[in-house]
Amino acid sequence: MSPFMQSLGLKYPIFQGGMAWVANGELAAAVSNAGGLGIIGSGHAPATVVAKEIATAKALTDKPFGVNVMLLSPHVEEVVQVILQAHVAVVTTGAGNPAKYIAAFKAAGIKVVPVVPSVGLARIMARIGVDAVVAEGMESGGHIGSMTTMTLVPQVVDAVDIPVIAAGGIGDGRGVAAALMLGAAGVQMGTRFLAAKECHIHEKYKNAVLKAKDIDTLVTGAYIGHPARVLKNKMSRQFLVAEKAAALQDDPDFTAVEELGNGSLRRAVETGDEVTGSYMAGQIAGLIKTETSCATILQETAAQAQACLQKGQAENYF
Ligand code: TUI
């Protein structure tokens, strides 16, 4: 294991993505207890909700865990304050440039690991002294950039001298082994943990992930400037139609379309509503067929990655 992953006290170099409304204190604690890094997703949640989930995780585990700050959140300043006071081990950030918060996290002894969609942002982050970056490809669920994991990870690895964690399209040990071969120090998986036993999303959402095929996601919000990958359902198809119609106007106004999306992830998680709810998931959903515990996910993924790395000896191929 890399020194960075060791410094986090992990058994497996695997982060659980800090999925908004999905990754609560219970899921994060289950992953951390099983030897990975559990991460609470703050999304658009108010700071009081984030504080409660941190307290839940602390009650359920003595192991280090993280919190993700979603930089587009209207509550970002208060969420940052809650995290600073809670002294969590790791902060990840998503959907923007976290530069202005990094000094405060570092001063509080919190490891900072921004999610980056490009080499440019990875370089900026490395220059201002973050501990590692998550290089996330557009295979991921939720808010995405435009690079694939296969192309982004090695380019980020070459551009920075801090650890790189690969994310996007990784759902089993083969994906982990491939990411390590690209130079990553570890991986982050989100969609795989949507199907964890300890992940309490609505059963309609979970079943949609388990039933999904390879081509069952689409990207909404590309015209608006906030692309997000979600499973195909009534909501996402309707959203795309409305978005395209708005984009074809002379002076596009996306206000009404954005209104459709507001709260849609929370509705998916809490009510399972497929008419107004966004089932965020990555392209690897098609690979995920069973609901298992976080401990089983981590053990099986690590065992398969180890077997792949052994099989990967050059003489087997060249
Ligand atoms: O953040 C994510 N994934 C997310 S956040 C989220 S919550 C949400 N809810 C409703 C609508 C939209 C989002 C759901 N999924 N992943 C990390 C990630 N960050 N992916 C891509 C980026 C990113 C994009 C641009 C990071 C930085 C960035 O920088 C732009 C800049 O300002 O330089």
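Things to note:
- Note on Lys111: aspartates and glutamates with a C-alpha under 13 Å away, same-chain residues under 8 apart excluded, are Asp131.
- Selected from Val187, Ala246, Asn316, residue furthest toward positive end of dipole (the chain; charges at beta carbon): Asn316
- Sequence ranges 177-185, 128-136, ranked by mean other-Cβ count within 10 angstrom, highest first: 128-136, 177-185
- Dipole size of the chain about its Cα centre, with +1 on Lys/Arg Cβ and -1 on Asp/Glu Cβ: approximately 540 debye, rounded to the nearest 20.
- Along each principal axis, Cα extent of the chain, largest first, Å: 55, 49, 37
- DSSP-defined beta bridges in the range 138-268 - what % are antiparallel, rounded to 5: 65 percent
- Semi-axis lengths (Å, descending) of the ellipsoid that matches the C-alpha gyration tensor of the range 178-259: 30, 19, 11
- Of the cross-linked pairs Lys100/Lys232; Lys52/Lys106; Lys100/Lys244; Lys213/Lys234; Lys206/Lys311, those separated by over 26 Å at the C-alpha level are Lys100/Lys232; Lys100/Lys244; Lys206/Lys311.
- Averaging over all projection directions, the Cα-based convex hull of the range 10-152 occupies 7.7 nm² in the image plane.
- Estimated translational diffusion coefficient (Stokes-Einstein, Kirkwood radius over Cα pairs, 10 °C, 1.306 mPa s) of the range 130-269: 96 µm² per second.
- Antiparallel DSSP beta bridges within the chain, as percent of all bridges there, nearest 5: 20 percent
- The calculated FRET efficiency for the pair Lys232 and Thr296, based on their C-beta separation and a Förster distance of 30 Å, comes to about 0.60.
No value in this document is a laboratory result; all are computed from the given coordinates. Predicted model, so just to flag it, every value in this text is computed and none were measured. All Cβ positions, even for glycine, are placed from backbone atoms using ideal geometry, and neighbour counts span all protein chains on display.
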